[in-house]
1. Under the condition of being within 13 Å of A:Gly490 (Cβ to Cβ) and not in a loop (DSSP other than H, G, I, E, B), which residue from segment A:99-110 is farthest from the other protein chains (Cβ to nearest Cβ)?
2. Counting only residues that are β-branched (Val, Ile, Thr) and not in a helix (DSSP H, G or I), which one in segment A:408-453 is surrounded by the fewest Cβ atoms within 10 Å (Cβ to Cβ)?
3. Examine segment A:227-235 for a residue that is under 27 Å from A:Gly443 (Cβ atoms) and in contact (Cβ under 8 Å) with a residue 24 or more places away in the chain, and state whether such a residue exists.
4. Assuming B:Lys84 fulfils every condition listed in (1) more than 7 Å from every other protein chain (Cβ to nearest Cβ); (2) modelled with pLDDT of 95 or more; (3) closer than 29 Å to A:Pro98 by Cα apart from one, which condition is it?
5. Every residue in segment A:138-160 that is aliphatic (A, V, I, L, M) and surrounded by fewer than 22 Cβ atoms within 10 Å (Cβ to Cβ), please.
6. Which residues, taken from segment A:586-612, are in contact (Cβ under 8 Å) with a residue 40 or more places away in the chain, outside any loop (DSSP other than H, G, I, E, B) and aliphatic (A, V, I, L, M)?
7. Would you be able to say whether some residue in segment A:369-387 is of a type in the set (Gly, Ala, Ser), in contact with a Gly (Cβ under 9 Å, 6 or more places away or on another chain) and more than 30 Å from A:His45 (Cβ to Cβ)?
8. Please name all residue pairs, on different chains or six or more residues apart, with Cβ atoms under 9 Å, provided the first residue is in segment B:30-52 and is in a helix (DSSP H, G or I) and the second residue is exposed (fewer than 14 other Cβ atoms within 10 Å of the Cβ) and modelled with pLDDT under 95.
Amino acid sequence: MNYAAEPLAIAIFVFFVIAVLFISWWIARKAKSASGYFAAGGNIHWGVNGVAFAGDYLSAASFLGIAGLVAVYGFDGFLYSIGFLAGWMVALFVVAEPLKKLGKYTFADAIDAKFESRGVILTAAISTLVVSMFYLIPQMVGAGTLITPLIGLPFEVGVLIVGCAVILIVATAGMASTTWVQFIKGGLLLVFSTVLVITVLVNGLSTSPDQKDITYHDFVTLEVTVNAGDGVTIADSSYEVVKEFGIEDATFVKLSKENIKTIWKLDEENSQLVETQTVTRQTDGPVLYNGDAKDVGLFYQVGHLSEIDGNSPAETGPLDPFSFIGKIKDGTVIRWGSQKITDGTDEITVYYQIPTSGKDVLIPGLKFAIDPARGATPADRVNFVSLMIALFLGTAALPHILIRYYTVPNAAYARKSTIVAVVGIGLFYLLTLYLGLGAMTKGVIDLTNGNMSAPLLARAFGLGIFAVISAIAFSTILGTVSGLIVASSGAVASDLMQKFIKMNMSENQMVKAGRITAILVGFIAMGLGILFKQMNVSYLVGWAFSIAASANLPAIVMVLFWKGTTAKGVVASITVGLVSALGLILLSPDTFSQVYGLPSSSSPLPISQPAIVSVPLSFITLVIVSLLTRKNGKRTRP
Amino acid sequence: MEHGSPVDLEEDKSEKYKTTLGLKMVAFFIPVYLAFILVCVISPTFMAKDIGSLNVAIVFGFGIIILAIIQALIYNYFCSRKEKEHEASARKTEVAE
């Protein structure tokens, strides 16, 4: 679709950014000590901290990524919501209070509390930096993705705006300003997502989901005769068959009408050609959207029900949350697939309709191959289980989440703030299913950018709510990136410089080191964000969860609950978890196809999600090394 | 050799109770989560069975999220109650002294 800069959207966006920067400056006047900078002075109220937890955790992956996945794949996107929320049970019941008692500024503080080991500090700090970097990249990619539809600026400008704003937020007042930015963002996200879902339900469902200012494109079909082994003949003589493309099980037909070339998908069963949408990358010309320049507006937003309760056309009127799902379940959803075609020197991406039973949309299987009856292999199913394990175990091991336990005065407050977070995040994740299904059926999906589904859903109801939702989405990224940069600056200033290198730093020097680190990490994040422009946001976040679950969680759990844990065991566990998770990711079939551009079959590994291997490996390593390095039953340090 | 914590740990007489309760809570939650994953993998068609206007997948998925919220609230209720009991007991001891 064509994105035009809207003055109202720009005004609200600029207001949000200025408000956030003002809050940071205002709070910065109070945050002079290391405790103030790295842990907001440890005196944040549990209610504020809980909402800030939600603001920290509900990143671009949650708001943009999950809504986009549900919009495209249905229930499979919601699996991320379930896994992300389930992970908070480990954080609440196992980690929250003990970690608050053990730590001061960083994740390494807590892990090293019983050892005072430089080895533990070093490995925990490196793990913090690696996980934070993997988490930072998708946030920056999300920022760049969002800025184009919001204010019409290029991807790179979005990354630079977020990078600079976050550097200002973190470098001025560290965790203090970060907490309030996350609190405001978390609160607004919950309120306006609820408003958006209520609007979706009140508007109900329609087989022709016209938007306020856009009439839904009526995709047409052409009657054809399929000639055995000799192509197709079209009944409408105004069309001329130019070329046919047989790819895997599908046949695409290039037609010409009044010198305009279009591509259609052959539906042999019903003897018809079905309209598609195309993006053509020419070697010596501009990218064409449905055969013309993007700003002509021929590339349509999609996603609709082709029938409701067996009727078409049909519309329901307002629906309650249960009947909204029920109507989709009993209807037929038009989803879209894509296929790359080479036509001479042109690379064409053809987007074609996939009529899908509502029943299939609301069960797992459209994204994750898990059903052997539909061709899922044992490796596919292991892959799925591994991802769900990573989501469950990763949350309680994310450094930027763990450091939020240090911003409250005591362990009870740590627990209570986690409970506020669980309630807020849980409610938000319930909403994600409606946001995604709303986008799936309201004709708002941009086929070239699934991550935009939630903001575009808001746009269907008016520019005002679109501007607010987009600005909140942008502040979502600001809040999460701020937390990640605080975690990284703590790892460098407190863990590496003060404790590992043993630099003798005053409080002011430590804060200064933290600020310089924040600026450096901010610039690195901007560079990586631009470099990984094409990567899928949720996919990258999945990596961060796998690495965190493998490197950090075994150490956290065993330090808290097994007295036999030794410092060498912790060092070995973090190292093995980190290296094995990273190694398995880098050698995985998904990385081969999505990063290296090689066939996934050339990967030496059968699965792409490492947690099912790397988490147990990390636990086993910790136990074995601890048993081997125990001295007289006591904990040791390297 | 054993080293102390770098931070001052406040005394928490409810710690053992809260830790045990937390482990029981997570031990209750994990099988439910695992069951969800296993049903997805072993019997995806079961997930399509109707439950009113919804289906098993939606009810199970919503159920896990709502269960997590309810467990969190129950956990906080019992932990807070235990903390208050210890606080009251400590105050009584102070008054007696």
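1. Looking at the filtered set, the residue picked out is A:Phe107.
2. A:Thr448
3. No, because not a single residue in segment A:227-235 is under 27 Å from A:Gly443 (Cβ atoms) and in contact (Cβ under 8 Å) with a residue 24 or more places away in the chain.
4. It is condition (2) that B:Lys84 fails.
5. We begin by selecting, within segment A:138-160, every residue aliphatic (A, V, I, L, M); these are A:140-141, A:143, A:146-147, A:150-151, A:153, A:157, A:159-160.
The answer is A:Leu153, A:Val157, A:Leu160.
6. Correct list: A:Ala611, A:Ile612.
7. Filtering segment A:369-387 down to residues of a type in the set (Gly, Ala, Ser) leaves A:369, A:373, A:375-376, A:379, A:386.
Keeping just the survivors that are in contact with a Gly (Cβ under 9 Å, 6 or more places away or on another chain) gives A:369, A:376.
Still in the list and also more than 30 Å from A:His45 (Cβ to Cβ): A:369, A:376.
There is at least one residue in segment A:369-387 that is of a type in the set (Gly, Ala, Ser), in contact with a Gly (Cβ under 9 Å, 6 or more places away or on another chain) and more than 30 Å from A:His45 (Cβ to Cβ).
8. Qualifying pairs under 9 Å: B:Pro44/A:Ala373; B:Pro44/A:Arg374; B:Thr45/A:Ala373.
The values are calculated or read from the model by the stated rules, or taken from the named source; none is laboratory data. All figures in this text were calculated on a predicted structure; none of them were measured in a lab. Because the Cβ atoms are built from the backbone with ideal geometry, glycine has one as well, and the counts that use them run over all protein chains shown.
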